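Read through the structure below, which is laid out as C-alpha cells, and then see the notes.
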Amino acid sequence: MRGIVERGQVLQDGFMSIPFEKIQLTETGALPLVDTMGRPLRDLRISVTDRCNLRCTYCMPRAVFDENHPFLPRAELLSFEEIERLAQQFVRLGVRKIRLTGGEPLLRRGIEQLVERLARLQTAGGAPVEIALTTNGVLLAKKAQALKDAGLARITVSLDGLSDSAFRRMSDANVPVRTVLDGIAEAQRVGLAPVKVNMVVRRGVNESSIVPMARWARETGVTLRFIEYMDVGHSNGWRLDEVVSAQELIDTVSAVWPTEPADPGYRGEVAGRWRYVDGLGEFGIISSVTRPFCRDCTRARLSADGKLYTCLFAVAGLDVRAVLRDGSTDEQLVTFLADAWRARDDRYSELRSQSTSDLPKVEMFAMGG
Ligand code: SAM
C-alpha cells in the first residue's frame, strides 16, 4: 500500500497529532517513523572532524580553542566504514539528504572517498540520497573537482564578509578572503552550482558587510543566506542584543533593492526566502532565534565521535559509536536509532530565553553545524 494519510487521522500505532498536513507513507507502505511531535526523520548531518582551520569568534573562539585544546584522537573518530554503515541505517529510517560538516570537513583526509561511498546509497525503492557538504571554503579550490567527481550534489560555503578586515574580525585567522572566493568560483566552475553561501551576522562586528555581500551574491549568482547569530554551545558568550533579526536583515537589503517573500522551496526548508523584485535572484534567512522552525525540523546530527543529537541545542547525545563497536547487527542498530527518534521531543528554539542560553550545551563545531 502506498498513499497519503490525511491530517488528524488516527494512525494505527497511535500517532494522533501530526503537524504536517499530509504524511507520505514509506515506499514499503509502512507508516513513517515520527517523533513525539509527529516530525519525520529526513536529514542527517554528519560531522567528520572536530578540527577547524579558522577560529570564528562566535563558534571556536581562540581563547578557548588554542593549541592546548584536546581535539579528538583519530581512534575516537568514526571511520568511513562506520559512517557508511550508519548512514545506510538512517536511510532505512527515512533520511533523504546527508550533509557532511564539522569542524571543517575538508580537513578530514580522503573526504572525497567518503562522499563516493555515501553517494552510492539508495532507498529501498531505489531513490538516490542527496549528498551535500558545508565548508568554510579555505581548501575548496583544491578539493572542488574531486568532490564533484565523487558525487557531491551541493555545497554550502560559510563566509561572513567580503573585505579582509571584515572576514578576519569574524574568522580570527590569517586567511585572505580571496582564498575563499577562489574556492567558491572553482565550485561553480566544476558544476557544484548553485553554490549557497551562509553569512552569520553579529551586531557590532559585521553588519556593514550585509549590503556588500548581497550585491556580490546578485552579481555572481551564488545563493546568499543570512544566519541569525545563535546561542549554540556556551563558549561564545552569546547575548540576545548581538542578534541582528531576520526583519532587520530584510529591511536592510530591501532598502537598496526592493524584495518580496518567495514560497518555500519545500516543506521544512529552514531558510525563509526573499526574491528581488528586479528579478536578479533571491536571498534566504535562517532565523532560528526570532522565527523558530522547530515544528518542521526533520534533522538528526551525528558528531565526529559518533554521538547522536536530535537538536542543535542539545545538552547531551546518545552514544551510537558504542552500539556500532559492540558487535550489534544492523537490525539492532536501526532499532536503536528508531527508538531515539521516536523519543525525540526537542524544540529548544521555541523555548529559548536568555536563561536557556546559559545551559551547558554542546558546541556547534563538535556536533556538526
Ligand atoms: N567549517 C564548516 C563551515 O564553516 O561551514 C562547517 C562547520 S560550521 C560549525 C557550520 C556553520 O555554522 C557555519 O556556517 C557557521 O557560520 C555556523 N555557525 C557556527 N556557530 C554559529 C552561531 N553561534 N550562530 C550561527 N551560526 C553559527
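Points to keep in mind about this one:
- Restricting attention to region 197-221 and to residues that are more than 10 Å from the ligand (Cβ to nearest atom) and in contact (Cβ under 8 Å) with a residue 60 or more places away in the chain, the residue that is nearest to Cys59 (Cα to Cα) turns out to be Val205.
- Residue within region 285-307 that is over 30 Å from Glu82 (Cα atoms), modelled with pLDDT of 95 or more and among the aliphatic types (A, V, I, L, M) present: yes
- Subset tally (residues that are closer than 12 Å to Glu331 by Cα and in contact with a helix residue (DSSP H, G or I) (Cβ under 6 Å, 6 or more places away or on another chain)) for region 73-91: 1
- Residues of region 117-142 that are within 16 Å of the ligand (Cβ to nearest atom) and not in a helix (DSSP H, G or I): Ile131, Ala132, Leu133, Thr134, Thr135, Asn136, Gly137, Val138, Leu139.
- Pick from region 288-319, criterion hydroxyl-bearing (Ser, Thr, Tyr) and in a loop (DSSP other than H, G, I, E, B), ranking: nearest to Thr101 (Cα to Cα): Ser303
- Taken over region 333-369, the criterion of being outside any loop (DSSP other than H, G, I, E, B), touching a Ser or Thr at 6+ places or on another chain (Cβ under 8 Å) and modelled with pLDDT under 70 is satisfied by Met367 alone.
One line per residue, one yes/no per condition, for (1) at pLDDT 95 or above; (2) loosely packed, with under 13 Cβ neighbours inside 10 Å:
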site	(1), (2)
Ser17	no, yes
Leu25	no, no
Ala30	no, yes
Val48	yes, no
Cys59	no, no
Phe65	no, no
Arg108	yes, no
Glu112	yes, no
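- Flag for Ala316 being over 14 Å from the mean Cα position of the chain (by Cα), closer than 26 Å to Glu104 by Cα, exposed (fewer than 14 other Cβ atoms within 10 Å of the Cβ) and at pLDDT 95 or above: no
- Residue count, region 190-212 (criterion: closer than 15 Å to Asp251 by Cα and crowded, with 22+ Cβ neighbours inside 10 Å): 2
The values are calculated or read from the model by the stated rules, or taken from the named source; none is laboratory data. Predicted model, so just to flag it, every value in this text is computed and none were measured. Note that we place each Cβ from the backbone using ideal geometry, even for glycine, and neighbour counts take in every protein chain shown.
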